[in-house]
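J.: Below are the structure tokens for one structure; questions will follow.
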């Protein structure tokens, strides 16, 4: 019998876990998909500050299909997803959120495409009406920029809700960088991909932990993880600015030799200094982003540390 693993990162989702379990039960009882499948649901607590872990342990003790994994602190959703992939034993793995925005009813469609031979069945949102107007515009602009400069095409309006075959999971488990951008990694590994569309539900309870600051950090992570184009752009801007400065220098010399020069020009000098200084700071900032990632990767620290599995706090596992 084929086994399917469902990986669900959890961060302060105490108000959603019982409802999530109830939504999953028809699927786990093989009432939503015609084939008989063996199921496991891996809940990864990413350092929650509410009662999420207590509820997770209760679910795992009452139903052996639920596995509760607690990380030693908040490592971030990307690391929590990797922890789930590391401990998933299914022939295929489904990644979804705990807030019920990803509809369980879409999973049978993913399974059908997987049975047809697709390795990565990703869910694409039909609309982003729940997002603000400015967020939709910024998201669209971000993906256009990423498409132009990225070495690998990152799918727009596609998140972490997807089914991965065992081949995809094994490939992702070999990518152990600590600063992860899973959307880029899903595209980088390749394999046969298929799309299913879904309408994103409202959050069942609580508020999203993704603030504007975290979304900005994720956007920067996506660019710096997917391409070195910003470094090349900084070089091109530097060369262009240097050529423009040389042309202006020649102009000033010729003008002085022909017409002479008074003490005028102070505003021009200030503008040039500020402009060149700004370009240099931007270039240094871009270089700094990449150097910080090199610094973090060379430490060789584990991506995450597990504090407990199913409430057993005697184990501390580094991965």
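J.: Please state which of the following conditions residue 299 fails to meet, knowing it meets all the rest: (1) loosely packed, with under 10 Cβ neighbours inside 10 Å; (2) modelled with pLDDT under 75.
T.: Checking residue 299 against (1) loosely packed, with under 10 Cβ neighbours inside 10 Å; (2) modelled with pLDDT under 75, the one that fails is (2).
To keep it simple, each residue is scored yes or no on (1) modelled with pLDDT of 85 or more; (2) surrounded by 18 or more Cβ atoms within 10 Å (Cβ to Cβ).
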{"position": "78", "(1), (2)": "yes, yes"}
{"position": "82", "(1), (2)": "yes, yes"}
{"position": "85", "(1), (2)": "yes, yes"}
{"position": "91", "(1), (2)": "yes, no"}
{"position": "97", "(1), (2)": "yes, yes"}
{"position": "102", "(1), (2)": "yes, yes"}
{"position": "114", "(1), (2)": "yes, yes"}
{"position": "136", "(1), (2)": "no, no"}
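J.: When you go through 130, 178, 197 one by one, which is the residue that is assigned to a loop (DSSP other than H, G, I, E, B), in the same structural domain as residue 75 (by TED's automatic domain parsing) and either in contact with a helix residue (DSSP H, G or I) (Cβ under 6 Å, 6 or more places away or on another chain) or at pLDDT 70 or above (or both)? Don't jump to the end; show me each part of the working.
T.: On the way: 130 fails: either in contact with a helix residue (DSSP H, G or I) (Cβ under 6 Å, 6 or more places away or on another chain) or at pLDDT 70 or above (or both); 197 fails: assigned to a loop (DSSP other than H, G, I, E, B).
Only one candidate passes the filter, namely 178.
J.: What are the residues in region 165-175 that are within 16 Å of the chain's Cα centre (by Cα) and in a strand (DSSP E or B), if any?
T.: None - no residue of region 165-175 is within 16 Å of the chain's Cα centre (by Cα) and in a strand (DSSP E or B), so the list stays empty.
J.: Only one of these is in a helix (DSSP H, G or I), surrounded by 19 or more Cβ atoms within 10 Å (Cβ to Cβ), modelled with pLDDT of 65 or more and on the phi < 0 side of the Ramachandran plot: 183, 144. Name it.
T.: Values: 144 fails: surrounded by 19 or more Cβ atoms within 10 Å (Cβ to Cβ).
When all the criteria are applied, what remains is 183.
J.: Select from region 260-277 the residues that are at pLDDT 70 or above and surrounded by 11 or more Cβ atoms within 10 Å (Cβ to Cβ) and list them in ascending order.
T.: Answer for region 260-277, where residues must be at pLDDT 70 or above and surrounded by 11 or more Cβ atoms within 10 Å (Cβ to Cβ): 272, 275, 276.
The values are calculated or read from the model by the stated rules, or taken from the named source; none is laboratory data. These numbers come from a predicted model, not from an experiment. Glycine gets a Cβ as well: all are built from the backbone with ideal geometry, and neighbour counts include every protein chain shown.
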